[in-house]
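What follows is a short report on a single structure.
The values are calculated or read from the model by the stated rules, or taken from the named source; none is laboratory data. Small disclaimer: the values here were computed from a predicted structure and weren't measured. Neighbour counts run over all protein chains shown; Cβ positions are idealised from the backbone, glycine included. Please note that ligands, DNA and RNA were not included when accessible areas were found on the heavy atoms of the full protein model with its side chains. Shrake-Rupley method; radii C 1.70, N 1.55, O 1.52, S 1.80 Å.
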Amino acid sequence: MTLTVVDMHTGGEPLRIVTGGYPRIPKGTILEKRAYVRDHLDHLRKILMFEPRGHYDMYGALLVEPDLPGADLAVLFMHNEGYSTMCGHAIVALGRYAIDEGLVAKQEPITTVNIEAPCGLVVASVEVLDGKAGAVSFESVPAFLLAGDQQIELTGYGKIGFDIAYGGAFYALADCHQFGLEFGRDRVRDFVDAATTLTNRLKAEFPLSHPDHADLAFLYGTILTDGRDAFSGEVTKNICVFAEAEVDRSPTGSGVTARLAAMLAKGEIAIGQTRTFESIAGSRFSGAVARTARAGPHEAIIARVGGRAYYCGRTEFIVEPDDELGRGFLLR
């Protein structure tokens, strides 16, 4: 077995783009393709995401044939737990990759790349200067605050206030200070434990729904913030813990989108105001509410999130027939 990939990172968060080795995916909607890959080809995800070729926090992208009219490419996202519905850092990387690989004809100063994700069509705008692709921004699918100013009692932490918002995936949003945490002082492990505790409780007790499809109605993770939600010129920090306690090194594109939806709904930001979001690794995304929208019964927004991606390398992976560990394992 041979699998080929291009490795990139956006704000420190890895993206392993599959360029060869997967069998042909049957025709269907993007959610049907996602289900097929999950049910029939999951061993390939484990080979690429897990050790010894990946690690607990690896992230990947599999390009598939688009189904939506106007889409230039379609993508399935993968991680340590399975397959997500949206990934902003991957969109930023794929925007640059699509131009560099000739999947979309480049135009200066901006090239538009229409990317079909499981959550819908995401429009990336790629800066092109002297023929070279650079910074990328994207406009989200409609994002909305599902539940604001909620409270729950968490063992070991006490009463915790949170919001649940959708930015292509559902996230719980909570101020880290409620858990006794502070950015720059406490360990990443402490943030992970707090976020995972909240995620697990909400998965068990807080049912979700999405107006487009039931497959979108699941809690992807928790974003712990510095509490600086009200608009200002200050940078606001957050850490996203998603999937199976995976830590995003970037500010999280879909998470920034969800935060912006919550901020506008709560009167903490205005349309057109640009905020800077910083990750646990110190990388930054820009984020703004471009305009309002609807998502079924929900008042929603279209967010514009921007960042930059870089190449790490190109690799050919093999799996020898008698290598049991080579099929993938995880240690934490």
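On the stretch given as the stretch 187-237, residues that are part of a loop (DSSP other than H, G, I, E, B) and among the hydroxyl-bearing types (Ser, Thr, Tyr) total 2. Among the residues of the stretch 94-118, those identified as under 30 Å from His210 (Cβ atoms) and either among the aliphatic types (A, V, I, L, M) or touching a helix residue (DSSP H, G or I) at 6+ places or on another chain (Cβ under 6 Å) (or both) are Leu94, Ala98, Leu103, Val104, Val113, Ile115, Glu116, Ala117, Pro118. The set of residues from the stretch 284-307 being surrounded by fewer than 18 Cβ atoms within 10 Å (Cβ to Cβ) and either of a type in the set (Val, Ile, Thr) or touching a Lys or Arg at 6+ places or on another chain (Cβ under 8 Å) (or both) comprises Ser286, Ala290, Thr292.
Contact map, the stretch 87-110: first residue closer than 10 Å to Glu127 by Cα, second residue aliphatic (A, V, I, L, M) and part of a helix (DSSP H, G or I), Cβ cut-off under 7 Å, separation 6 or more or different chains; pairs are Lys106/Ile99.
Can you find a residue in the stretch 272-281 that is in a loop (DSSP other than H, G, I, E, B), in contact (Cβ under 8 Å) with a residue 12 or more places away in the chain and over 15 Å from Gly11 (Cβ atoms)? The answer is yes; a qualifying residue exists. Would a scan of the stretch 153-161 turn up a residue that is open to solvent by less than 10 Å² (accessible area, probe 1.4 Å), closer than 28 Å to Thr199 by Cα and touching a residue at least 24 places away in the same chain (Cβ under 8 Å)? Yes: one or more hits. Assess whether Tyr311 counts as being of a type in the set (Phe, Trp, Tyr) and either farther than 18 Å from Phe138 by Cβ or assigned to a loop (DSSP other than H, G, I, E, B) (or both). Spelling it out, Tyr311 is indeed of a type in the set (Phe, Trp, Tyr) and either farther than 18 Å from Phe138 by Cβ or assigned to a loop (DSSP other than H, G, I, E, B) (or both). Against the definition (surrounded by fewer than 17 Cβ atoms within 10 Å (Cβ to Cβ) and either of a type in the set (A, V, I, L, M, F, W, C) or more than 26 Å from Pro142 (Cα to Cα) (or both)), how does Arg189 come out, yes or no? Yes: the conditions hold for Arg189. Close contacts from the stretch 214-243, counting a first residue that is open to solvent by 40 Å² or more (accessible area, probe 1.4 Å) and a second that is among the β-branched types (Val, Ile, Thr), with Cβ to Cβ under 6 Å and a gap of 6+ residues or different chains, come to Arg228/Thr236; Phe231/Ile269.
Go through the residues of the stretch 67-76 one by one and say whether even a single one is without any contact (Cβ under 8 Å) to a residue 12 or more places away in the chain and either among the charged types (D, E, K, R) or surrounded by fewer than 24 Cβ atoms within 10 Å (Cβ to Cβ) (or both). The answer is yes, given that some residue of the stretch 67-76 is without any contact (Cβ under 8 Å) to a residue 12 or more places away in the chain and either among the charged types (D, E, K, R) or surrounded by fewer than 24 Cβ atoms within 10 Å (Cβ to Cβ) (or both).
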